[in-house]
Amino acid sequence: MRNPYELTFIVRLDPNEEVINNTVTQVQTWVEAEQLGQVTKIDRWGKRKLAYEIDKQRDGFYVLMYAEIDPQNLPELERNLRLSPNVLRYLLVRPDVKPPKAAQ
């Protein structure tokens, strides 16, 4: 059973925009690995200033990815994000889904 998740991550800036695009594609591939997840939407927020320096980087490329992921796939996805040299930080959360109101 897949659950909705929001994955926000910061990609290391590179003069070559192709590196950023390849990193976003790679993360999408990790989410969709072995048919355990499906990306529903990708929002590229673009270059933003970081609150503090990370690995000698002052700026990063922010990406918000909406996906439906099987919870069994989460440990492998988080492992890949941690080990990726181009992903500075990530945050994977399950959005607050409110139950429908009961009919009166």
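Observations on the structure shown:
- Residue list for region 25-41, restricted to those being free of Cβ contacts under 8 Å to residues at least 24 places away in the same chain and over 16 Å from the mean Cα position of the chain (by Cα): 35
- Take the conditions (1) in a strand (DSSP E or B); (2) more than 12 Å from the chain's Cα centre (by Cα); residue 22 misses just one of them, which is (1).
- Residue in region 51-67 that is among the aliphatic types (A, V, I, L, M), more than 15 Å from residue 6 (Cβ to Cβ) and assigned to a strand (DSSP E or B) present: yes
- Residue count for region 41-94, restricted to those that are closer than 20 Å to residue 19 by Cα and of a type in the set (Ser, Thr, Tyr): 3
- Yes/no for residue 44 being of a type outside the set (A, V, I, L, M), without any contact (Cβ under 8 Å) to a residue 24 or more places away in the chain, surrounded by 13 or more Cβ atoms within 10 Å (Cβ to Cβ) and assigned to a strand (DSSP E or B): yes
- Here residue 68 meets each of (1) surrounded by 15 or more Cβ atoms within 10 Å (Cβ to Cβ); (2) out of contact with any Lys or Arg (no Cβ under 6 Å at 6 or more places or on another chain); (3) of a type outside the set (A, V, I, L, M); (4) in contact (Cβ under 8 Å) with a residue 60 or more places away in the chain with one exception, condition (2).
- Region 71-91 - residue that is among the hydrophobic types (A, V, I, L, M, F, W, C) and loosely packed, with under 13 Cβ neighbours inside 10 Å and, of those, farthest from residue 48 (Cα to Cα): 83
- Test: residue in region 47-55 that is without any contact (Cβ under 8 Å) to a residue 24 or more places away in the chain and within 23 Å of residue 79 (Cβ to Cβ): no
- Some residue of region 5-13 being loosely packed, with under 15 Cβ neighbours inside 10 Å, at pLDDT 90 or above and either under 14 Å from the mean Cα position of the chain (by Cα) or not in a loop (DSSP other than H, G, I, E, B) (or both): no
The values are calculated or read from the model by the stated rules, or taken from the named source; none is laboratory data. Since the structure is predicted, the reported quantities are computational estimates derived from the model, not experimental observations. We place every Cβ from the backbone using ideal geometry, glycine too, and count neighbours over all the protein chains shown.
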